[in-house]
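> Mind looking over this structure? Questions follow.
The values are calculated or read from the model by the stated rules, or taken from the named source; none is laboratory data. Bear in mind the structure is a predicted one, so any value in this text is a computation, not a measurement. Cβ coordinates were reconstructed from backbone atoms using ideal geometry, including for glycine residues, and neighbour counts include every protein chain displayed. Side chains included, ligands, DNA and RNA excluded: accessible areas come from the protein's heavy atoms. Shrake-Rupley method; radii C 1.70, N 1.55, O 1.52, S 1.80 Å.
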Amino acid sequence: MKKRYPNLSVALRRSLFRRLRTWNPLVLRSCLLGGLSLLTGLVVLLSHSDPSGVALSQGIQQQEDQVIRNYKLPSAPPPAPVYQPAPEPAPAEPAPAQDSTPVESRPIESAPAQPNSSDKPEPDKPNDATKDKLEDEKSITEVASLRGLNRYVLEFNRSPAIGNRFRLQGVYAESRLGFTRPRTWQIKTAKVLVRFRHSPDLAAGKSNLIVRVNDTSVGSIPLNLKQAQIGESIVEIPANLLQDYNEITLVAQQQNTSNCSSAQDDKLWTEVLPDSKVVMDYQTKGFPLDFSRYPYPFFDNLALDTAKINYLMPAQTNSEWLQAASRFHSYMGRLADFRPMETALVKEVKNFQWNDRLVVIGTPDEQPLLKSLKLPLAISGKQFLQADKAPLPDDVGILALSTLKNGTVPVLVISGNSPAGVTKAAQFLVQAQDSQIGTGQFILVTSDQVPEIASPAVRDWPKYLPGRSQFNLSDLRGNDGKPFQDVTVRGSSAPRIDFDFRALPDDRFIRGSTMTVRYSYSGQVDTSKSTISVVVDGVGIGSKKLSNDNGASQETFVVDLPADLITPTSKIGVDFRLVPKAPEQCGQVTDQQLWGTLHKDSSFSLNREISVQLPDLKLFTTGYPFAAPQDLSRMAIVLPDKPSETEVMTLLKLSERMGRISQAKSVRQEVYTTSKLQDSAKKFKHLIGIGTRDRFPLPEVFQEKGGFKLLDSLTRQFKQTQIQTLPDSGGVVQTVLSPWNSDRVILALTAQTEGGLKQVQDVLNNDSWFYQLQDDTALISANPNTSPYDSNGYQFQFFRQSEQRSLENLNPISRMRRVFQNNWWLLPSGIIGLSILLYGIAQLYLKRVAGESS
C-alpha cells in the first residue's frame, strides 16, 4: 500500500494537467476573473461591516463624550490665583550682626571662674560691648527691611539632634546639621552665627573650627579664647550654595600641645552653643496655584515652620461632612508623618494669621463663603451652575483653588451640589493614583464614582516587617520610604548603620530567628582589633572578627535574633569597628582608606506566629487593630448627633494620628453620627466613640460589670468604689471588646466635660504622651503650665479592667506549645502522673508473669 500511493498521486496530477491543457483559454480567464470579483466583494463587505464589539465600544465612547460635553465650562476661565506667602513676623530678639570679618572670633567677657579644664563653664551677662553690638544688629535689621528683604532666623536647637548639648571631642571631630529651603524663597544673603566655647587648654595657634555648607568650606574660626569666655563668629554663606536640602558641617581640629596631642585627652573639647543660628535674608515669590503641584501649598515638605490647617465649620455638621473631613485630615497626617502640624476649626475668615491655610468642605448651602470666592463657576442659590446656567448634577465633585487676604491665605475648596458630590471630591484627593492626574485651578470629578482601590492585606504594613518568613534587607524601607540600599561607612569612628526592624503588632516571635549579615570591608585593617557587630535596640547580639588583611567582599555572618527583643519599635544596628594598621601619630589617625559596607541582600529568616491579646491600648499606639488593613477600611468612628466643636476637633486629631501611623494608597474609614450608625458597622468594624459622657454614642463601653464608668453628677465608679468629684476635668481613653463581635474592639475617647476631651486631644497630638498609653484604661490629667516638650506634662493612671481575649492563627504544634507555656504546672504533674501509671502497668505485668510461671 505504501508503494502504490505515491504512484497513484503522480497519475492523478498528470491526468489533471492533460485536461487543463484541453480547456478553452477563454473559460480559464472567466474563472479567474470571477474568483477575483468574489474576493473583492468579500473585502468590501468586511470593510463596511460593524462587529458587535467595535460598535459597542464606539457607542460607549460616544456616550462618554456626550456626558463630558454636557458640562459647560467657561470658555475663558479666570487667571489662576497666585499664592503670595507673607513674611514671617519679625523675631522678638534682634538678628545677628552683619559687620566684621566672617571668620573673626569675638569673645564675650564674663566673670572669672576656675573650672576644671574638662568642665563646661557657664556664661555671665553680656558686657557693654555686647550691648553696643546688639544695637548695631537692630539697625542692620532695619536696613534689611528697607531693602525689601525678609529675614528668617533658624536656631540650631530646633534640631532634635542638638538639644542642649552640641560637643566636639578629640583631635578631629565633626558634626552635621541639616535644614531645608522653602520653595517660595529666593535667598539673597545667608550666614551662620556660631556661638561657642572651648577648653582653655587648647593651643591657640593650632586649633580651629571649620564651617562647611554642602561639603564646601565657607570659613574657619580660630579657637583662641581665654578661660570662661564665649566666642561668637559670623560666617558668610554664598547664596548659590543653598538648595532644597542643605547640610552644615562643623569640624573641630584641636591640639593642646605644641608637639603631639592624644586623641583620648578629655581636655580636647569645643562646645557649639544651641542658640547658634542660621540667618537668611530672602524674598518671596508668587506661586500660581495648580492641582499639578498638590498638596502644595497646603503641605510643604520643605517648609521650616509648622503647617497650619484651618477647617471652616459648616452651617450644619452632618455625617457626610465629618467623613470627608476625617479622610482628608488622615491623608494630611500621612503627608506630615513626623513633622508637626497645627489644626483649627474656624467659623469666620477674618482673623487668619501668618502661615495659615484654609480648607472649605461642603455644599454652597453648608458653606456660604463659597459665593464670595473667585471660582470659575457661578453659584445661584444653593447650586453651582454651568456656563449655560444649568446646575451641575448632584453627584459631580468639585475641587477648586483660591486665595484670601490678598493672596496670603490659600484656600482649598472640596464641594459639590450634594453631600455625594462632596464625598466624591474628597475621595479623589486622598487617592494618590487619582489626584496625580489633576491640573489647573478647578476640577470636576465627573465619573460615576471614584474607583475604590483594593484594600491591602491585613498584615501588609509598609513601615513594618513583611508578612513572609524569609526576606532581604532591601525589602525594608527607610525613613524616606525607599527600599534599603548598600550603605558604606568610613574611618575608625564609622557611624552605626541603623534600620527599622518593626515587628507586626500581632507577631509573636519564638526561638530560631536569624539574620545573615552580608558585608564587605577594605584592606589595611588591623585584624586583631577590627570587628563587625550587630545590636538590637542598643543590646549587642553578635560580633565577628574582620580577619582578612587584604579586605573581603560579600562575606557572611549569621546571628540569632532573640525573640524577646523584637518589638513593633525595634531598630537593628550594624557597627564596623575599623582600626588601621598604622599607629596613631600625635592624635592623628590615618583612617579614611578604611571602609565597611552592609549589603542590601543581607537576609532574615524569622520564626514567628500570629498571636495577640485584645483589648490593649499599647497596641493602639501602633494603630492595631484599627489600622489593619492600612487603608483604615475596618475602622468606623461614631460621634453624637449634632457634635460640638470640641468633639469635631477630637475627630480631626484622631484622624491625623491614624494617618501618621498607617501607610496605604487610600483612606477609607467611615464616620457616623449616633442616629446614622448601621448594624453592619457594629458587627464588622472596629469602632471608636467620641463624645462627653452625657452624649457618648456607644454607652455599651461603660456597661461591663466591675469596669470603670463615668456616671451622672461628675461621678466615677470602678468595681465597688464610687466617688464624686468637683470638678472632673480629666480625660479617659478606654478600650473594650465589642459586644456585637468578640473579634472586634471599641475605643472610647471621652470625659465628663469638654475640658477633659481637650486633654484627650493633646495626648493624641503629642508623641511623647501618646506612646505612653498601655493596659485597657487610661485616666488623663494635666499638670499646671504643661509644656508640649515635657514628657511628664500629663499624669496617667493605667489599669486593666477586663480579661483579654487571644486572637491567634496557630498550627497544632504551636497550640500545644502554647498550652504548656500558659499552664506550665501541667508538665511536672503530667510527668508524675504518667510515671505512676507506667509503674502500675509494670507491676500488673510482673504479677501476671509471676503467676503464670508459678
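> Testing the spin-label approximation: label points 7 Å from Cα along Cα→Cβ at residue 558 and residue 826. State their distance in nm.
Distance between label points: 3.3 nm.
> Oh, and also: Would you list, by chain and number, the lysines whose Cα falls below 18 Å from the Cα of residue 206, excluding same-chain residues fewer than 8 positions away?
Hits, sequence-local ones excluded: 226, 267.
> Suppose we keep just the DSSP beta bridges with both residues in segment 338-482; what percent of those would be antiparallel, to 5?
Once the DSSP bridges in segment 338-482 are tallied, antiparallel ones form about 80 percent.
> Could you sort out which of 285/653; 285/308; 665/758 sit more than 25 Å apart by Cα distance in this structure?
Result: 285/653; 665/758 exceed 25 Å.
> On to the next question. Based on the Cβ-Cβ distance from residue 675 to residue 607, what FRET efficiency comes out when R0 is 56 Å, to the nearest 0.05?
Once the sixth-power term is evaluated, E becomes 0.70.
> Rank these residues by their accessible area, most exposed first, probe 1.4 Å: 853, 159, 233.
Descending accessible area places them as 853, 159, 233.
> How big is the dipole moment of segment 513-633 about its Cα centre under a simple scheme where the beta carbon of each Lys and Arg is +1, that of each Asp and Glu is -1, and everything else is neutral? Debye, nearest 20, please.
Roughly 140 debye for segment 513-633.
> What nm value, rounded to one decimal, do you get for the distance between residue 175 and residue 713 when each label is placed 7 Å out toward the C-beta?
6.0 nm
> Along Cα→Cβ, 7 Å out, is where each label goes; now give me the distance between the ones at residue 240 and residue 742 in nm to one decimal.
In this crude spin-label approximation the distance works out to 7.4 nm.
> Given a Förster radius of 22 Å and the C-beta distance between residue 722 and residue 805 as r, what FRET efficiency does 1/(1 + (r/R0)^6) yield to the nearest 0.05?
0.20
> Extension gain residue 789-residue 405, at 0.36 nm per residue separation less the Cα-Cα distance, in nm?
134.9 nm
> Another one. Just to verify a number: FRET efficiency for residue 796 and residue 374, C-beta to C-beta distance, R0 = 45 Å, to 0.05?
0.35
> Sort 514-526, 405-417, 674-686, 469-481 for me by packing, meaning the mean count of neighbouring Cβ atoms within 10 Å per residue, highest on top.
Taking the mean over residues of other Cβ atoms within 10 Å, the ranking is 405-417, 514-526, 674-686, 469-481.
> Just going by the charge dipole of segment 435-531, with Lys and Arg at +1 and Asp and Glu at -1 on Cβ, which of 515, 499, 525 is farthest out on the positive end?
Among 515, 499, 525, the one farthest towards the positive end of the dipole of segment 435-531 is 525.
> Once you order the gyration tensor axes a ≥ b ≥ c over the Cα atoms, which shape class does segment 268-324 get: rounded for a/c under 1.5, otherwise prolate or oblate by comparing a/b with b/c?
Cα axes put segment 268-324 in the prolate bin.
> Something else: Given charges of +1 on the Cβ of Lys and Arg and -1 on the Cβ of Asp and Glu, with all other atoms neutral, how large is the dipole of segment 496-567 about its Cα centre, in debye to the nearest 20?
Result for segment 496-567 is approximately 160 debye, rounded to the nearest 20.
> For a quick check of understanding: with a 1.4 angstrom probe and all protein chains in place, what accessible area in square angstrom does residue 826 have, to the nearest ten?
Around 60 Å² of this residue is reachable by solvent.
> Cross-link partners among lysines for residue 705, C-alpha distance below 18 Å, same-chain residues fewer than 8 apart left out?
Partners found: 719.
> Let me ask something else about it. On the full set of protein chains, 1.4 Å probe, figure out the accessible area of residue 380 and give it in Å² to the nearest 10.
The value for residue 380 is about 60 Å².
> Counting pairs of alpha carbon atoms under 8 Å apart in space and at least six apart in sequence, what relative contact order in percent does segment 350-390 give?
So the answer I get is 29 percent.
> Here's a follow-up. How do the peptides 718-728, 282-292 rank, highest first, by the average count of neighbouring beta carbon atoms within 10 Å per residue?
282-292, 718-728
> Mind checking the full-extension length gain between residue 852 and residue 262? Use 0.36 nm per residue of separation minus the Cα-Cα distance, one decimal, nm.
Here the answer is 203.1 nm.
> Relative to the present Cα-Cα distance, how much length would full extension add between residue 490 and residue 705 at 0.36 nm per residue of separation?
71.2 nm
> Along the Cα-to-C-beta direction of residue 338, a point sits 7 Å from the Cα; which residues of segment 739-783 have their amide N less than 14 Å from that point?
Under cut-off, by backbone N: 767-768.
> For a label point 7 angstrom out from the Cα of residue 781 toward its Cβ, which stretches of segment 680-694 have the backbone nitrogen within less than 19 Å?
From segment 680-694, the list is 693.
> Put 366, 852, 754 in order of accessible area, largest first, 1.4 Å probe: what do you get?
Greatest to least solvent exposure: 852, 754, 366.
> Shifting gears a bit: Could you compute the net charge surrounding residue 505? Neighbours are other residues with a C-beta less than 11 Å from the C-beta of residue 505; K and R count +1, D and E count -1.
Neighbour charge sum, excluding residue 505 itself: +1.
> Sorting 446, 777, 180 by accessible area (1.4 Å probe), largest first, what list results?
446, 180, 777
> I would also like to ask the following. Counting only the heavy atoms of the protein chains, how much of residue 790 is accessible to a 1.4 Å probe, in Å² to the nearest 10?
70 Å²
> Rounding to the nearest 20 debye, state how big the charge dipole of segment 337-485 is about its Cα centre with +1 on each Lys and Arg Cβ and -1 on each Asp and Glu Cβ.
400 debye
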